[in-house]
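I have placed the structure first, in the form of structure tokens, so that the comments after it can refer back to it.
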Amino acid sequence: QVQLVESGGGLVQPGGSLRLSCELSRRTLSLHAMGWFRQAPGKEREFVAAISGSGGTTRHADFVKGRFTISRENAKDTINLQMNVLKPDDTAVYYCAADILFQSISTGRADYWGQGTLVTVSS
């Protein structure tokens, strides 16, 4: 029984920064790997970043390396996505995902998904 709630989306200018958060509003007693995906209009959903249940392992998509950073706040059952140097191509609905298996996050086969939060990068 896991429910995910994203927050932090909004409008930002190119080159700006934004921080997304995803909280497990309901959770099991087991640790879950979590991650972020995004989907732009007319595009397929794509992997952005993932983090293990312990927070000790992370993976970032090549197109966000050096700009986006995923992190975990274990005490809050929350993960964050710090997005810097945002570009118009980053405009998308960003979805949070969770699964017992870290590998399931990066492959898009997560058991649980949030409702998404819209990020718009525009001048």
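The values are calculated or read from the model by the stated rules, or taken from the named source; none is laboratory data. Keep in mind that this is a model prediction, so the values were computed, not measured. Note that each Cβ is placed from the backbone with ideal geometry, even for glycine, and that neighbours are counted across all protein chains shown. Side chains are part of the model used for accessible areas, which takes the heavy atoms of the whole protein and leaves out ligands, DNA and RNA. Shrake-Rupley method; radii C 1.70, N 1.55, O 1.52, S 1.80 Å.
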- Query: Name the residues in region 27-58 that are of a type in the set (Ser, Thr, Tyr) and under 19 Å from Asn84 (Cβ atoms), would you?
  - Reply: Thr58
- Task: Just one of (1) open to solvent by 70 Å² or more (accessible area, probe 1.4 Å); (2) touching a Cys at 6+ places or on another chain (Cβ under 9 Å) trips up Asp62, so point out which.
- Result: (2)
- Query: How many of the residues in region 98-123 are small (Gly, Ala, Ser) and closer than 10 Å to Glu6 by Cβ?
  - Reply: 2
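Search region 65-84 for residues being under 22 Å from Gln3 (Cα atoms) and hydrophobic (A, V, I, L, M, F, W, C), and hand back the single one that is surrounded by the fewest Cβ atoms within 10 Å (Cβ to Cβ).
Of everything passing the filter in region 65-84, Ala75 is surrounded by the fewest Cβ atoms within 10 Å (Cβ to Cβ).
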